[in-house]
Amino acid sequence: TQLLEQSPQFLSIQEGENLTVYCNSSSVFSSLQWYRQEPGEGPVLLVTVVTGGEVKKLKRLTFQFGDARKDSSLHITAAQPGDTGLYLCAGARSGGGADGLTFGKGTHLIIQP
Amino acid sequence: DAGITQSPRHKVTETGTPVTLRCHQTENHRYMYWYRQDPGHGLRLIHYSYGVKDTDKGEVSDGYSVSRSKTEDFLLTLESATSSQTSVYFCAIRGLQYTGELFFGEGSRLTVL
């Protein structure tokens, strides 16, 4: 079983601070995705990274895929209360994830005003 | 909006009773998935389908069966519900990109007493 370890599990910070969430594995993934989930709703895709070393930016969020395609990070600059939620990383094996994605357990993020 | 509808959204049942959850999509996508989400475990794949009448097991398939008689509907059945199957169940469809992005329904919360 391919595992994705996310850290930290819980993070509570003040508005305006920066933070980084990590997603690590001993396995190689063909692509890695980040999702955000709010209470009572399904996860929503934020970004997909495919190439080792790739960096993608989505406003104040920066996503990076490790050179060996085994790990990824999500960095949020100047966090806002609207960033509060559960952040999930998910990896696709070869075949583009047709047999499903492997998910990390998630990082619960709380941004306090 | 990915056009995925899950029903029922909430259900309380007793141990030993059969339960069927329905996932309906309007996107005509080939791949559909059932995940369960539990505290401390994250999202885990139960079963998936790669076409009408074509299904396969996921990581936690014991105690569950699925059926897909038409493209738009994917049913998850618990033949005899147990308390360990209390969970939030998410249906997802795979996007058209080769990287396997998933689009989730809003979830079905099942409580087995």
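Values in this text are rule-based calculations from the coordinates and carry no lab data. No experiment lies behind these values; they were computed from the predicted model shown. Reconstructed Cβ throughout: ideal geometry from the backbone, glycine too, with neighbour counts over all protein chains shown.
Quick notes
- Intensity falloff of chain B expressed as log10 I(q)/I(0), Debye formula with alpha-carbon point scatterers, at q = 0.15, 0.16, 0.17 Å⁻¹: -0.58, -0.66, -0.75
- Ordered by the number of other Cβ atoms lying within 10 Å of each residue's own Cβ, fewest first, A:C23, A:C89, B:C23 fall into the sequence B:C23, A:C23, A:C89.
- The H on the amide N of A:V47, modeled in the peptide plane, is under 5 Å from the matching H of A:W34, each at least 5 residues off or on a different chain.
- Using θ = phi - 60° in the Karplus curve 6.51 cos²θ - 1.76 cosθ + 1.60, the 3J(HN,Hα) couplings for segment B:56-65 round to 8, 7, x, 5, 10, 8, 4, x, 10, 9 Hz; x is entered for Gly and Pro.
- Percent of C-alpha pairs per 5 Å bin, chain A, short to long: 2, 13, 24, 26, 19, 10, 5, 1, 0
- q = 0.16, 0.26, 0.27 Å⁻¹: log10 I(q)/I(0) that the Debye formula gives for segment B:65-113, counting C-alpha atoms only: -0.60, -1.07, -1.10
- Fewest neighbouring Cβ atoms within 10 Å first, the residues A:E54, B:E101 line up as A:E54, B:E101.
- The relative contact order of chain B comes to 35 percent, based on Cα pairs under 8 Å that sit 6 or more residues apart.
- Only beta bridges with both residues in chain A are counted; by DSSP, about 90 percent of them are antiparallel.
- Across segment B:83-99, rounded Karplus estimates of 3J(HN,Hα) from the backbone phi angles (6.51 cos²θ - 1.76 cosθ + 1.60, θ = phi - 60°) give 4, 6, 8, 4, 5, 9, 9, 10, 9, 9, 10, 8, x, 8, 6, 5, 8 Hz, Gly and Pro being marked x.
- Proximal lysines to A:K56, defined as alpha-carbon separation beneath 28 angstrom and excluding residues fewer than eight positions away on the same chain: A:K70, A:K105
- Ranked B:D62, A:D83, B:D73, B:D54, criterion: other C-beta atoms within 10 Å, fewest first: B:D62, B:D54, B:D73, A:D83
- Computed 3J(HN,Hα) for segment B:46-53, one whole-Hz value per residue from the Karplus formula 6.51 cos²θ - 1.76 cosθ + 1.60 where θ = phi - 60°, is 9, 8, 9, 10, 10, x, 4, 6, glycine and proline marked x.
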